[in-house]
Amino acid sequence: MSLHKYIERVQFIDKLIRKKATGNITVLARKLNLSKSGAEKFIHEMKEVGFPIMYCKKQKTYLYEHEGKMVDKLFFEEMNDAEMKNINGGKSFNSPQLFSKRNYSRFLESSFVK
């Protein structure tokens, strides 16, 4: 199987799991156009690489044990130091809106030291 087809299949399974629409392994195999053992192998391989997949007998579908997100790309370019310095996030510590306008002067450091 080509890498492209493999990734598409993983993305399709991820989409089905998020929609809680995989069904049991037989239904999933049919949706993937695979044998039952092929679908089982695919789920097993996804678990091996870190997908927190579990089967819910009550809902009769595969689910993620906890929230997360599949990355869209397998290759990311790293930022150099100059690009990293240009990233701005959150509020500046010099910003007047960062802290409340309440007076906290009664909480002096000296009052906590014995």
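Gain on full extension, evaluated as 0.36 nm per residue between Met54 and Ile7 minus their Cα-Cα distance, stands at 14.9 nm. Spin-label model, Phe76 to Thr26: label points 7 Å out along the Cα-to-beta-carbon direction sit 4.2 nm apart. Kindly identify the stretch 1-92 as rounded, prolate or oblate by the Cα gyration tensor criterion: order the square roots of the eigenvalues as a ≥ b ≥ c, call it rounded if a/c is under 1.5, otherwise compare a/b with b/c, prolate if a/b is larger, else oblate. Because a/c hits 1.5 or more and a/b exceeds b/c, the stretch 1-92 counts as prolate.
Where a number appears in this text, it was derived from the coordinates with a stated rule and is not lab data. These numbers were taken from a predicted model, which means no experiment stands behind them. With ideal geometry, Cβ positions are generated from the backbone for all residues, glycine too; neighbour counts draw on all protein chains shown.
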